[in-house]
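J.: My structure is below; once you've seen it, I'll send some questions.
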């Protein structure tokens, strides 16, 4: 009986792998099938001071951990000769771009703002590994704000890049904004057990969401519930992801009839277009969410929680004091939770809105990254 079960387990994994192997390149075709393995690598043109590649790699399926999923990423390597030990790595996790296949930043390409952002890190001597999330860029269900899924993808993208680029160091700084801030905090929590070959030196989380027992209230009962609120968009994205993960989910249990057409469009439109469509439809928390929406969305709100907030390396939290996307009060609660767990937290406040936060925090983020790599003590703002 045991041998039969073992054969079934191997067969399941093999079938999962075979489904992804059609586009493998020669280097990966005969390698052991595992999370953190690159499937394909192709160079791409990009206006950056280095060389850019689009990479497909394998990661663990958070919804079905015995399976692997294909995920895409961009890898950027600085020009010149790497330092002893290799280029340190910035693992970049992007903010909400949507949950559709084509909403992946690696498909959208490296335009002017992205090139400037990546270039500033490359010129500083960091390689950049910028993952998409499962379901973006490669076929599969996108589990929006699934902390474990995002965190494993961040770590696996770096592991896969290092297997293809020997000049990349195992010393890693995690950097994310918005959804990506959640991703890097989750990656830091998972790293020691999931990717012990990586040395996470520090984590920079800008505009980070925090999901606890009050999270559903923040989404569904926003202040001024008869006006548009970003929580409507995020709630619809969470609901659409939950529907993709669980066919038994009934969207009408969470969303009122007026919102259901937008629920169906959530997996088709990328962030800018979807925000516009939701506003144009006149959706507000009041006419979008059912009275019991929090319970209906509970599985997704649960998967959005961090695996742990006790992190072994320091964290820089960047908070935009005028943030209307991720309420500053929510981010302050995250700071207190991290501190209570014993994590070293350096907090920086910026008088900007959510999107400009990335540029506003750049110089302090880079200084934090440098000091973390050097092993300098980071002062904690925990009391």
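J.: So which residues in segment 38-54 are in a loop (DSSP other than H, G, I, E, B) and either surrounded by fewer than 21 Cβ atoms within 10 Å (Cβ to Cβ) or not assigned by TED's automatic domain parsing to the domain that holds residue 153 (or both)?
T.: Result: 45, 46, 47, 49.
J.: If you check every pair at least six apart or on different chains, which have Cβ atoms under 7 Å apart with a residue in segment 95-122 that is in the same structural domain as residue 270 (by TED's automatic domain parsing) and within 28 Å of residue 81 (Cα to Cα) first and a residue that is modelled with pLDDT under 95 and surrounded by fewer than 22 Cβ atoms within 10 Å (Cβ to Cβ) second?
T.: Here the result reads none, with nothing in segment 95-122 linked to a residue that is modelled with pLDDT under 95 and surrounded by fewer than 22 Cβ atoms within 10 Å (Cβ to Cβ).
J.: While we're looking at this one, here's another question. Restricting to segment 265-284, what's the tally of residues that are loosely packed, with under 13 Cβ neighbours inside 10 Å and under 19 Å from residue 145 (Cα atoms)?
T.: 1
J.: Residues in segment 180-192: is at least one more than 22 Å from residue 65 (Cα to Cα) and either assigned to a loop (DSSP other than H, G, I, E, B) or touching a residue at least 40 places away in the same chain (Cβ under 8 Å) (or both)?
T.: So in segment 180-192, the residues more than 22 Å from residue 65 (Cα to Cα) come out as 181.
Keeping just the survivors that are either assigned to a loop (DSSP other than H, G, I, E, B) or touching a residue at least 40 places away in the same chain (Cβ under 8 Å) (or both) gives 181.
Looking through segment 180-192, at least one residue is more than 22 Å from residue 65 (Cα to Cα) and either assigned to a loop (DSSP other than H, G, I, E, B) or touching a residue at least 40 places away in the same chain (Cβ under 8 Å) (or both).
J.: Hey, another quick one. Name the helices (runs of 4 or more DSSP H) wholly inside segment 221-326 in which the number of residues that are within 19 Å of the chain's Cα centre (by Cα) is 2 or more.
T.: Values: elements: 230-245, 260-265, 271-280, 285-288, 293-296, 298-303.
So the answer is 230-245, 271-280, 298-303.
J.: Which residue, of 57, 118, is farther than 18 Å from residue 366 by Cβ and modelled with pLDDT of 95 or more? Give the steps one after another, and end with the answer.
T.: Details: 118 fails: farther than 18 Å from residue 366 by Cβ.
The unique qualifying residue is 57.
J.: Give the residues of segment 327-383 that are more than 16 Å from residue 174 (Cα to Cα), in a loop (DSSP other than H, G, I, E, B) and touching a strand residue (DSSP E or B) at 6+ places or on another chain (Cβ under 7 Å), sorted by residue number.
T.: 352, 353, 354, 379, 380, 381, 382
The values are calculated or read from the model by the stated rules, or taken from the named source; none is laboratory data. Remember, it's a predicted structure, so these values are computed and weren't measured experimentally. Glycine also receives a Cβ, built like all others from the backbone with ideal geometry; neighbour counts cover every protein chain displayed.
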